[in-house]
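What follows is a set of notes on a single structure, which appears directly below.
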């Protein structure tokens with residue numbers, strides 16, 4: 001049985017912090033060193049690793065956030081925010097309702113990662129001079145395409161507890177994650193700038209890993 005493989009995916013907060021620091025960093029001299037008085041671009045390491053200074057190639061990959069966002073980028077970020085917010089609605093139910101400790105632990109990790117990613121996406125919209133559209137902009141048809149739960153499914157989840165909650169949570173969250181992966185793949189196929197590409201790749205890696213964990217848990221719970 002597989003365990004949660006956090007080391008396989010770079011947490012969304014790593015990309016978020018890196019992009020924030022890139023946006024505040026001044027231009028560097030030809031020697032590659034930052035001008036006197038400017039802060040270095042620091043990349044937090046994977047779990048257990050120490051933070052390190054980013055190389056010039058890594059800084060270039062993150063980009064400066066000044067390029068004009070494409071329609072696909074704007075749509076992806078604006079739709080992924082309410083998608084993530086629904087995931088938080090579900091994970092916030094777990095501490096009081098879940099029976100299996102691994103379900104509670106996984107819900108906590110998902111919630112922490114997706115809160116950080118929401119902050120990253122809102123920051124990208126702000127730096128791009130864009131507003132985040134309200135959740136109502138995601139209609140029912142798109143919610144189904146994105147793997148989002150219906151209001152009835154959320155009400156059923158909220159009313160459940162113990163093993164019943166665990167099973168329903170894992171099934172709904174697996175479908176939810178599959179929708180997010182589909183959205184990320186679709187964006188990457190259309191082409192995107194480095195910042196949103198980093199976000200989409202992180203969603204793909206993290207959520208595919210979590211899908212595997214949830215499938216294992218469903219088998220274990222029975």
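Derivation of every value follows stated rules applied to the coordinates shown; laboratory data play no part. Since we're looking at a predicted model, the values are computed, not measured. Neighbour counts run over all protein chains shown; Cβ positions are idealised from the backbone, glycine included.
Using a 7 Å offset from the Cα along the Cα-to-Cβ direction at both residue 154 and residue 72, what is the distance between the two label points in nm, to one decimal?
Taking the simple label geometry, residue 154 and residue 72 are separated by 3.0 nm.
Tell me, in nm to one decimal, what length is gained between residue 185 and residue 126 on full extension, where the rule is 0.36 nm per residue of separation less the Cα-Cα distance?
Values: separation 59, 0.36 × 59 = 21.24 nm, distance 2.40 nm.
Full-extension gain reported as 18.8 nm.
To the nearest 0.05, what FRET efficiency results for residue 109 and residue 220 with a Förster distance of 22 Å applied to their C-beta separation?
On the way: r = 17 Å, r/R0 = 0.78.
Result of the calculation: an efficiency of 0.80.
Taking each pair of different alpha-carbon atoms in the stretch 66-221 once, compute 1/r for the pair, average those values, and report the inverse of that mean as the Kirkwood hydrodynamic radius in Å to one decimal.
Values: mean 1/r = 0.0626 Å⁻¹.
Computed over Cα pairs of the stretch 66-221, the Kirkwood hydrodynamic radius comes out at 16.0 Å.
Distance between the C-alpha centers of the stretch 202-222 and the stretch 141-167? Whole Å please.
17
If every alpha-carbon in the stretch 162-222 counts as one equal scatterer, what log10 I(q)/I(0) does Debye give at q = 0.21, 0.24, 0.27, 0.28 1/Å?
Computed log10 I(q)/I(0) values: -0.76, -0.89, -1.02, -1.07.
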